[in-house]
Amino acid sequence: MKVTIDGQEIEVAPGTTILQAARMIGGESVPPAMCYYSKLKGTGGKCRCCLVDVTKGSEADPRPMPKLVASCVTGCQDGMEVASTSSARVKEARKSVTEFLLINHPLDCPICDQAGECDLQNLSFEHGKSETRFIEEKRTFAPENIGDKIQLHMNRCILCQRCVKVAEELTDDRVHGVLNRGDHAQISTYIAAAIENDFSGNMIDVCPVGALTDKTFRFKSRVWFNKPFNAHRTCTTPGCCGKTTLWMFGNEIQRVTARKDEYHEVEGFICNTCRFDKKEVADWTIEGPRKFEKDSVINQNNYTRKLDKVVINTEKGILEGRDIDRKKISMAKIPLDNNK
Ligand code: SF4
Ligand code: FES
């Protein structure tokens, strides 16, 4: 089947969605996705970020679709023509969806662990408005512990339900989900039942915002001060790929995550032992510096560009005593050739 997205034609297999076809083309035409996750079955159709304009339905029925459609759950038809970034209507809709997602989302990026690698931050950067029109009070919830290593900040949740799918697919028993409906909908355990499962930590990786955070890393460092390295170990947990990214500050492993691709999706799921318990360099075979795939705040000043040293334009007095830290942040000693 042939499908054209923003004027670029591609051949796809029957059953391919518009979003998947756009990802095959790559570049600017790829719609943003906050709930779809290619590694998890049944995701998509919740956030409406991926709306596109189908200007020609198919060769057999060339009528345009009257409304914008969610590209992650709409299948391609032979001869279909789609406008993504080339459509003003789509751009306007993405702005509105972003505004809607931010209605209840707190603007606490300065203290949120996800800042720098947050999909909502990136979405707002690209499609957000600089001012809010929302004058009502935002929903607020008390932070909740989901097991002893994961914390849920429901205030930040956008109800994408990816974490629910992780629990359904990777764990034996799902003990959390969406409780209530409409404005009262929230992710919660039933109730405060801990999620004790070898793979529950993957919920942190799939969460597009900072609603689910790693308690072993919370408030330790801003992510952009850490150097990410690819590493692996021989893990005996069935189903764990053992391939991770270590986020290091000097020689300390600050946190361990799964490796993520250009769409910020994990390449392989990892178990809780690798994620939470292996924080010594000796536990890992370190392969080399990891390149950032996804364009994000975290990419700014990263070591894919050659820097002799990190220059922080702050008053001298404030930096006094920070020499050791500055050395740890500096990427000067990283072999750039390993970072292709
Ligand atoms: S906690 Fe995160 S992954 Fe779960 S529904 Fe909310 S935003 Fe999505
Ligand atoms: S990514 Fe398509 S609706 Fe969320």
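The values are calculated or read from the model by the stated rules, or taken from the named source; none is laboratory data. Bear in mind that the values here come from a model prediction, so they are computed numbers and not experimental data. Every residue, glycine among them, receives a Cβ derived from its backbone with ideal geometry; neighbour counts consider all protein chains shown.
In the range 85-100, is there at least one residue being under 30 Å from ASN226 (Cα atoms) and surrounded by 15 or more Cβ atoms within 10 Å (Cβ to Cβ)? Yes, some residue in the range 85-100 is under 30 Å from ASN226 (Cα atoms) and surrounded by 15 or more Cβ atoms within 10 Å (Cβ to Cβ).
Conditions tested, residue by residue: (1) modelled with pLDDT of 90 or more; (2) assigned to a helix (DSSP H, G or I); (3) in the same structural domain as ASP205 (by TED's automatic domain parsing); (4) within 29 Å of VAL30 (Cα to Cα).
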residue	(1), (2), (3), (4)
ASP113	yes, no, yes, yes
GLN121	yes, yes, yes, yes
SER124	yes, yes, yes, yes
ASP148	no, no, yes, no
ILE158	yes, no, yes, yes
VAL164	no, yes, yes, yes
GLU168	no, yes, yes, yes
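Do you know which residues across the range 25-56 are modelled with pLDDT under 95 and over 19 Å from the mean Cα position of the chain (by Cα)? The answer is ILE25, and nothing else. A Cβ distance below 7 Å, combined with a sequence gap of six or more or placement on separate chains, defines the contacts here; from the range 156-185, residues that are closer than 12 Å to LEU40 by Cβ and more than 7 Å from ligand 1 (Cβ to nearest atom) reach residues that are hydrophobic (A, V, I, L, M, F, W, C) and modelled with pLDDT of 75 or more in the pairs LYS165/LEU40; VAL166/LEU40; VAL166/MET203; VAL166/VAL206; ALA167/MET203; GLU169/LEU40; LEU170/PHE199; LEU170/PHE269.
Can you confirm whether the range 140-149 contains a residue that is within 10 Å of ligand 1 (Cβ to nearest atom) and under 17 Å from the mean Cα position of the chain (by Cα)?
Within the range 140-149, none of the residues are within 10 Å of ligand 1 (Cβ to nearest atom) and under 17 Å from the mean Cα position of the chain (by Cα).
Applying the condition of being at pLDDT 90 or above, surrounded by 15 or more Cβ atoms within 10 Å (Cβ to Cβ) and β-branched (Val, Ile, Thr) to the range 185-242 and asking which residue is farthest from PRO143 (Cα to Cα) yields VAL206.
One line per residue, one yes/no per condition, for (1) polar (S, T, N, Q); (2) part of a strand (DSSP E or B); (3) outside the structural domain of LYS39 (by TED's automatic domain parsing); (4) surrounded by 20 or more Cβ atoms within 10 Å (Cβ to Cβ):
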position	(1), (2), (3), (4)
THR245	yes, yes, yes, yes
ARG255	no, yes, yes, yes
ILE270	no, no, yes, yes
THR273	yes, no, yes, no
LYS279	no, no, yes, no
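Once the range 46-83 is narrowed to residues that are hydroxyl-bearing (Ser, Thr, Tyr) and away from ligand 2 (no atom under 14 Å from the Cβ), the residue that is farthest from CYS35 (Cα to Cα) is SER58.
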